[in-house]
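Visitor: Quick one: structure below, then a few questions.
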Amino acid sequence: MSDGPIDLRSDVAHPARMYDYFLDGKDYYEADRLAAEQALQNFPSVRLTARTNREFMRHATKFLSEQGVRQYLDIGTGIPTAPNLHQVAQQHAPDSRVVYVDNDPIVLAHARALLTSTPEGRTTYIQADAANPEDILAAPELAATLDLSQPVAVSLMALLHFVPGDVYEIVDTLMAPLAPGSYLAMSHVTTEFDEGDTDPEGMARLLQVYRDRGIPVQPRTRAEVERFFIGLELVEPGVEVIHRWRRQGVEHPRSYDKRVSLYGAVGRKP
C-alpha cells in the first residue's frame, strides 16, 4: 500500500464516493454530492438500492462462511462502511483472510480501516483496477494473504456495471487460477424492471446521471448476469433480485423489485 501523496481528484464525481453519500457517509466531495443529489432526483429509491446492496453483501458473506470459505477477494471494495466484508466473515470464522481491491484514491486514503483484522485472520488492500485482473492476481499482497490452492470467494458487489471492456473475460480471468470449491458472489444493476426506456421512475434515469458525468455504466438482464456463471454451479435460487436471494420468509411487494433493481447471485467452481 503506497504511502506517497494521493491525488483524490475531488473535482470529478466517482461512483464509490456517490455510494458513500447514499449510505450517509462523509467521505465525498462537492462534485460527488451534486451528482448524488441529481441521482436522488432522478431515482429517489437510490438510497434503498445502496443499503439493500450492503445487506446482500453481508447475507452472501455469511452464507459463504457457512460453506466453509475462509478466503475472500473483494474487488470494488468502496469506502469503508462498517461492517466491512472482513468483519462479517471474521465474526463467523475469525481465521478468515480478505484481500480488498479498489481503484478510487479516496478508498486508498481510508484503507487502514480495512486492515483491522482479528489476530487469527488477515486483511490487506491492493490499489488496482478491476479492468486489469492480471494485475490483481499478480499483486504480492494477494500472494502473501491468500492461498490459491484452497477455495477463495471472489466478491464483485455493484461493480461490473461500471467496468468497461469484456467483463465476462475479466471474471473468467479472476476465477481461472482458483481452486475447486471457490465461489463467485456478485450483484449487478438492471433496467429490466423499468416500464420502457422512458419510464419516469426507472433505473435508466439514475444511470443517465453517471453517463452525463463521463462514468461508463452498463445495466444487464437476468440472462446476461447468468452468463457470468457459465462453468460454475449456481447456488439456489440462481440469479435473483438481491432482497429475495435466499430470503425465505421475508416478504416484499413486487414494486420493491423496481426500487432496488439489482440482481444478485452466488456460484461455486466445481
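Visitor: Short version: ³J(HN,Hα) in whole Hz for each residue of the stretch 154-164, in order, from phi by Karplus 6.51 cos²θ - 1.76 cosθ + 1.60 (θ = phi - 60°), x for Gly and Pro, what are they?
Guide: Rounded to whole hertz, the list is 8, 10, 10, 8, 6, 10, 5, 5, 9, 9, x.
Visitor: Which whole-number percent is the relative contact order of the stretch 177-240 (Cα, under 8 Å, 6+ apart)?
Guide: Result for the stretch 177-240 is 30 percent.
Visitor: Can you give me the Cα centroid spacing of the stretch 40-54 and the stretch 77-98 in angstrom?
Guide: So the separation of the two Cα centres works out to 23 Å.
Visitor: When the dipole is taken about the Cα centre of the stretch 156-231, and only Lys, Arg (+1) and Asp, Glu (-1) are charged at their Cβ, what size is it in debye, to the nearest 20?
Guide: About 280 debye.
Visitor: Taking the mean number of other Cβ atoms within 10 Å as a proxy for protection, how do you rank 111-123, 186-198 from highest to lowest?
Guide: 186-198, 111-123
Visitor: For Lys269, go through the aspartates and glutamates and keep the ones whose alpha-carbon is under 12 Å away, minus same-chain ones fewer than eight residues off.
Guide: Asp172, Glu233
Visitor: Once phi is turned into ³J(HN,Hα) by the Karplus curve 6.51 cos²θ - 1.76 cosθ + 1.60 with θ = phi - 60°, what whole-Hz value does each residue of the stretch 196-208 show in order, with x for glycine and proline?
Guide: Going residue by residue, I get x, 5, 10, 4, x, 10, x, 4, 4, 5, 5, 4, 5 Hz, with x marking Gly and Pro.
Visitor: Taking the highest mean first, how do the peptides 30-40, 73-83 order by number of other beta carbon atoms within 10 angstrom per residue?
Guide: Output ranking for 30-40, 73-83: 73-83, 30-40.
Visitor: Another question, then. Out of the DSSP beta bridges found with both residues in the chain, what percent are antiparallel (nearest 5)?
Guide: Percent antiparallel among DSSP bridges in the chain is about 35.
Visitor: Pairs of Cα atoms under 8 Å, at least six residues apart: use those to get the relative contact order of the chain, whole percent.
Guide: Reported as a whole number, the value is 19 percent.
Visitor: Measure off 7 Å from each Cα along the Cα-to-Cβ vector at Glu120 and Ala176, then give the distance between these two points in nanometres to one decimal.
Guide: A separation of 3.6 nm, rounded to one decimal place.
Visitor: Separate question: Between Ser10 and Arg47, what FRET efficiency comes out of the Förster formula 1/(1 + (r/R0)^6) with R0 = 30 Å and r the beta carbon distance, rounded to 0.05?
Guide: 0.85
Visitor: Keeping all protein chains in place, calculate the accessible area per residue for the chain (probe 1.4 angstrom), answer in Å².
Guide: In whole numbers, the chain has 44 Å² accessible per residue.
Visitor: Between the DSSP loop rule and a limit of at most 12 other Cβ atoms within 10 Å, which GluC sites (Glu not before Pro) in the stretch 212-269 are left?
Guide: Glu251
Visitor: So, one more: Percent relative contact order of the stretch 41-126, based on C-alpha pairs within less than 8 angstrom and at least six residues apart?
Guide: Averaging sequence separation for qualifying contacts and normalising by length gives 27 percent for the stretch 41-126.
Visitor: If you average 1/r over all unlike Cα pairs in the chain and invert the result, what Kirkwood radius do you get in angstrom?
Guide: 18.7
The values are calculated or read from the model by the stated rules, or taken from the named source; none is laboratory data. All figures in this text were calculated on a predicted structure; none of them were measured in a lab. Neighbour counts run over all protein chains shown; Cβ positions are idealised from the backbone, glycine included. Calculation scope for accessible area: heavy atoms of the full protein, side chains included, ligands and nucleic acids excluded. Shrake-Rupley method; radii C 1.70, N 1.55, O 1.52, S 1.80 Å.
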